[in-house]
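These notes concern the structure reproduced below.
The values are calculated or read from the model by the stated rules, or taken from the named source; none is laboratory data. Just so you know, these numbers come straight off a predicted model, no measurement behind them. As a convention, Cβ positions derive from the backbone with ideal geometry for all residues, glycine included, and neighbour counts pool all protein chains shown. To get the accessible areas, we keep the full protein, side chains included, count just its heavy atoms, and leave off ligands, DNA and RNA. Shrake-Rupley method; radii C 1.70, N 1.55, O 1.52, S 1.80 Å.
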Amino acid sequence: MGLEQEIMTPLSENALANDSTSSTIPVNPSNLDTSHETSSVARATGLIALGNISSRVLGLAREMILSYLFGAGAAVDAFKIAIIVPRSLYDLLIGGHVNSALVPVLSDYAGRENRRELWELVNLLLGLVTVALLIMILGLELLAPQIIRLVASKEASETTIRTATDLLRVTAPALLFLSLFAVVSGMLYGLKRFRLPAFAATVFNGTIVASTIIFERQLGITAAAVGWLIGAVVQLAIQYPDLRDAPMRPKLRGALSHPGVRTIGLLYIPVLASLGLDVLINRPFSYNLASRTGEGNISYMDWATTLIQFPHGLVATAISIAVLPTLSQQAARAINEGLDAFKNTLGFGLRLAITLILPATFGLFVLATPVVALLFQHGAFNASDTDATSLALRLYLIGLPFAAIDLLLVFAFYAQQDTLTPALIGLVSLIAYMLTALLLLDQYSFYSLMIADSVKHMVHTGISWWLLRRRIKGLHGQHLLSTTTRALLAASIMAACSFAVFYGMDKTIGSGSIIHELLLVVGPGSVGILVFIAVGYLGGLQELRWFMQFAGRRLKRA
C-alpha cells in the first residue's frame, strides 16, 4: 500500500498572508516578493505541520486501540477491508481533485477581485458532489456483499466477509461528508485559510478513537466504523467559522457549462486515470497479496503504513500543501515575470523537506522495534506481531525520503496545471511496483510489497525530477546537493548515536514494563535529535538553523 494522503500557534489568515517582518528564510535577497511569499509558505507549513502532528498522534492512538482490543485478526482485517471501499472511492472521485485541480483553479478564482465568481463555482461543485454521492451510497448499501467479495481475497473467511459487509454499510454514508469536506477545504486552501482544514484529520481520528473506546463493549469492531461515519460529519461541521462570509447554496443548474468546472474536469481526467489504476488495480492487488500470505498481514501492513505516515505527513504533506497555492500563483505570473520566484519557492520547500525527512527516516529506522513495542505491544498484540510490523516499517522507510521529495515535485506540476505528466509517471511506477512485488514474492513473502513500494517511490521521484528540471531549465542556485550531503552526514551520525544509546539501555535497564519501553524510545530519540542539531549546526546546514530560529520565535509568541 505505502503512503497515502490524509493533513505553531494559530494564526489568522492575514498573518499567514502578510506577516513577513521576522523572516530569515534562505532565499534570494534581491527578490523581496519571493521572500515575502516564501515567508507565508513557512508560516502555513508550521500551522499544517501542527495539525498533522495532532492528527498522526490520534491516528496512532486509533491503531493502538484497535490492536489492543482486537489484535491482528479477523475483526481488524474486516474493518480494514470495509473502509477500503469508501476510502478508495473518495480518493478516486473527489480526493484526487483537491491538490491536482481544486486548489490550483480555486486559487486563481480566489485571487480575482470579484469573489462572487468563486462562490458560484464552489456552489456548483457542492451540488454536483451531493447528487453523485447520494446515488453512489445507495449502490454501496444495496451491493455491499458483492463488493466485499470482490475486494477481499478468496482466502478470507466467511466471518471476515460477513463482518466487512456489515461494516461497509455503516461507513458508506461517510463518503458524502468526506467529499463535501474536500470541496470546502480546497476553497479554504485557495483562500489561504489553513487553520481549520489543517486540523480536520485530527477531529476525524479523535472521533474514531472516542467511538471505539465508548462503544466497543456494546458494538465490537462496529464501534470503529461508527466513529468513521461520525468523524466524517464532524470534520465538515467544524469548517463553519471560516465559511461565514461564503454564501453556500449548492446548485446544479449550469454546472457542466461553467468554465471553472470544465477546467477542473479537464485537469482531473489524467488524475482520474492514475487513481483508477491505484484504486482498481494497485490496492486490491496489495491487499489480496498480503491476505494470501497469511492472516494478520493486512494489519501489519496497515500498522506500518500508519507509522510511516507520521513523518511523511508532518514534513512532506505539510510543506507541499502550504507551497501549492503560492506555486500556483507564481506559475500563473511566470509568463510575464519569469520562473525565478517559482524556483525559489520550490527550492526552499525541497531543502526544508530534505533537512527534516532524513533524520526522521534514519531515527525511525533505528528505533523501529522499540517504537512498535511501545505503541502496539499490549493486550492481544504480542512480540511476534512487533517483529513483523517493525520489519515492514523498515522496508517502507527506504522509500520515505524519495516519497517526500516526490510529493513536492508532483505539486510543482499541479501548480503549472499539468496533471498529465504526473499521471504518466505514476503508471510507470505502478508497473515497477507490481513487477517487483511479484518477482520477490516467493523469496520475501508479503514483505515484497514493502520493498516494491520503496522501488515505486524511487522510480517516480527519478522521472519527476528529470522532467521537471528540463521544463524549468534547472534549479541552479538552490544548493540542493549541498543540503542533501550535510543532512545525510548529520542523520547518519545521529542514527549511530541513537543505536548505541538504545543498545546500552536495553542491556542495563529492566524489561517488560511500559516505563522500560518508553525509556528505550525517548532516551535514544532525544540523544539522536540533539546530535543531529549539533552536527547540522557545525556542518553549516542552513535550513536547520532557520527552522530552529523560526520554531523558537513561534514558541516565544505563543
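Each of the peptides 406-417, 441-452 was scored by the mean count of other Cβ atoms within 10 Å over its residues; in descending order, highest first, they stand as 406-417, 441-452. For region 432-558, the square roots a ≥ b ≥ c of the C-alpha gyration tensor eigenvalues yield an a/c of 1.5 or more together with a/b not exceeding b/c, which makes the shape oblate.
Karplus-derived 3J(HN,Hα) values for region 434-450, using 6.51 cos²θ - 1.76 cosθ + 1.60 with θ = phi - 60°, are 5, 5, 4, 4, 5, 5, 9, 4, 4, 8, 10, 6, 6, 5, 4, 5, 5 Hz; glycine and proline are entered as x.
Only helices enter the 222 nm calculation for the chain: every DSSP H run of n ≥ 4 contributes -39,500 (n - 2.57), and dividing by all residues gives -26000 deg cm²/dmol, rounded to 500.
Taking the accessible area of the chain, probe 1.4 Å, and keeping the other protein chains in place, the carbon and sulfur fraction comes to 65%. Rolled with a 1.4 Å probe across the full set of protein chains, the surface gives residue 120 an accessible area near 70 Å². Whole-Hz Karplus values for region 383-388 come out as 5, 5, 5, 4, 4, 5 Hz, taken residue by residue from phi with 6.51 cos²θ - 1.76 cosθ + 1.60 and θ = phi - 60°; glycine and proline positions read x. Relative protection proxy for 370-380, 140-150, 349-359, from highest mean packing down: 349-359, 370-380, 140-150 (other beta-carbon atoms within 10 angstrom).
For the chain, the per residue solvent-accessible surface stands at 40 Å², with DNA, RNA and ligands left out and a 1.4 Å probe. Length available on full extension from residue 475 to residue 548: 0.36 nm per residue minus the Cα-Cα distance, which gives 23.8 nm. With the convex hull drawn around the C-alpha atoms of the chain, the volume per residue stands at 147 Å³. Taking only the Cα atoms of region 392-504, the ratio Rg/Rh comes out at 1.06, with Rh defined as the Kirkwood radius. Counting only protein heavy atoms and using a 1.4 Å probe, the accessible area of residue 192 comes to about 40 Å². Shape verdict for region 168-266, please, from the Cα gyration tensor: rounded (a/c under 1.5), prolate (a/b greater than b/c) or oblate. Prolate is the answer for region 168-266, as a/c is 1.5 or above and a/b outweighs b/c. Run the numbers on region 408-479 and let me know its relative contact order in percent, using alpha-carbon pairs under 8 Å that are six or more apart. Once normalised by length, the contact order is 34 percent.
Is the shape of region 472-530 best called rounded, prolate or oblate, per the rule: a/c under 1.5 gives rounded, else a/b larger than b/c gives prolate, else oblate, with a ≥ b ≥ c the square roots of the Cα gyration tensor eigenvalues? Here region 472-530 falls in the prolate category. For region 239-389, the alpha-carbon radius of gyration amounts to 1.48 times the rule-of-thumb value 2.2 N^0.38 Å expected for a compact globular protein. Among the protein heavy atoms, those of residue 537 account for about 80 Å² of accessible surface (1.4 Å probe, every chain in place).
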